[in-house]
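A.B. asks: First the structure, which I've put down as structure tokens, then a few questions once you've had a look.
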Amino acid sequence: MKEKKSDDKKQEKEDKTPEQILSESKEEMKKAVEKFEEEIRKIRTGRAHPSLLDGIKVFAYDSEVPLNQLAIISVVSPSELTIEPYDPNIKTAIEKAILQSGRDLIPSSEGKIIRIKIPPLTQETRENLIKLVRKKAEEFKVSIRNIRDKARKEIKDIKGKISEDKMRKINDEIQKIADEHIKKIDSITQAKEKEIMG
């Protein structure tokens, strides 16, 4: 039975056209760039922005709920955010989730709202954040190169069914797509570095 499954997988792989391989690779690379952008948005820059709270989950109503579904998050100044919970009873749970998020954000309660002052970045912190951004950029570039290599291998596997010329053209196209996505990562990185340096 297991053997049949692997045969099916092999068959499925063989049935892919070069165009499908190109299209799938492009889609995977696009998703990698989107994921990188999402990760980078979470890195604070010394300026208040609602995305600083992205990914924080609050334990409320017997489950973990994303913070942005439980409250209105507003930027009141370049260095301050306010959070206004829809339900005042979960205010303490929101504060706890922010404190435990590991993002160096300190919430302070004021009536129905929670205030978060964004501390200015020191030069050392800025340099460390830039290192972090560059490290993440490199990880995602490696991920794009891996997608490129996987696509090249798949093209090589169907080599008997396409001409050498077509194979060369498709490999060039795969490289071009990878280069475009790596350039996107570079420009996101540069923009974030500029933001961090203020």
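The values are calculated or read from the model by the stated rules, or taken from the named source; none is laboratory data. Keep in mind it's a predicted model, so treat the numbers as computed, not measured. Cβ atoms come from the backbone with ideal geometry, glycine included; neighbour counts cover every protein chain shown.
A.B. asks: So is K136 surrounded by 13 or more Cβ atoms within 10 Å (Cβ to Cβ) and touching a Phe, Trp or Tyr at 6+ places or on another chain (Cβ under 7 Å) or not?
C.D. replies: It is true that K136 is surrounded by 13 or more Cβ atoms within 10 Å (Cβ to Cβ) and touching a Phe, Trp or Tyr at 6+ places or on another chain (Cβ under 7 Å).
A.B. asks: Would you mind finding the one in E127, E154, E110 that is surrounded by 12 or more Cβ atoms within 10 Å (Cβ to Cβ), acidic (D, E), at pLDDT 90 or above and closer than 30 Å to L52 by Cβ? Explain how you work it out, then say what you get.
C.D. replies: Values: E154 fails: closer than 30 Å to L52 by Cβ; E110 fails: surrounded by 12 or more Cβ atoms within 10 Å (Cβ to Cβ).
E127 is the lone residue from the list that is surrounded by 12 or more Cβ atoms within 10 Å (Cβ to Cβ), acidic (D, E), at pLDDT 90 or above and closer than 30 Å to L52 by Cβ.
A.B. asks: Right, here's the next one. Among the residues of segment 157-181, count how many are buried (at least 17 other Cβ atoms within 10 Å of the Cβ) and under 21 Å from K35 (Cα atoms).
C.D. replies: Result for segment 157-181: 4.
A.B. asks: Looking for whichever is in a helix (DSSP H, G or I) and at pLDDT below 95 here; the options are E37, E27. Which one fits?
C.D. replies: E37
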